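Single-structure report; data block below.
The values are calculated or read from the model by the stated rules, or taken from the named source; none is laboratory data. Given the structure is predicted, the values throughout are model-derived calculations rather than measurements. Backbone-built Cβ (ideal geometry, glycine too); neighbour counts: all protein chains shown.
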Amino acid sequence: MGEKIVDDSVGVHFPEELYKLARKSQPQRLTWFISQVLDEVSQLLEEDLDTVAWDEKKMKDFMSTLNTQLEGTESCVVSKMKKSKRLNLYFKKLRNETLGKMEDEAQAWELIRKEVHKHLKWVDLLASTRL
């Protein structure tokens, strides 16, 4: 982790419209959306990473930080809300189109890393401008 992000693209359209909708929502709903994104990213990265040449310590630290952020956002939400089915479907498609179909697993993980990077940038933007 931390090296240059690959230039290739994944065959799944990034759900920018969901982030735009979340930006317009109430703070409680926005926090819930951010929590769902962090949870989806965490689940995605808990897959088998044996073929990845990422630094293990950096990955462990990243996952620890991600889980801390997830717990923090979940603690801010008073009641459970309905998860975004479209966001969940996006992450399922991302997993299937990369890890499920690509022969080169290392390349698939690099594409996933690129997508995760985009999500974290959007989450940061949402949190810094709305919360």
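Annotations
- Qualifying residue in the stretch 98-109 (condition: among the hydrophobic types (A, V, I, L, M, F, W, C), part of a helix (DSSP H, G or I) and modelled with pLDDT of 95 or more): no
- Residue ID - surrounded by the fewest Cβ atoms within 10 Å (Cβ to Cβ), chosen from residues in the stretch 21-60 that are free of Cβ contacts under 8 Å to residues at least 24 places away in the same chain and within 21 Å of A106 (Cβ to Cβ): D50
- Some residue of the stretch 86-95 being among the hydroxyl-bearing types (S, T, Y) and in contact (Cβ under 8 Å) with a residue 60 or more places away in the chain: yes
- Screening T73 on (1) surrounded by 15 or more Cβ atoms within 10 Å (Cβ to Cβ); (2) more than 16 Å from L126 (Cα to Cα); (3) touching a residue at least 40 places away in the same chain (Cβ under 8 Å) shows it passes everything except condition (2).
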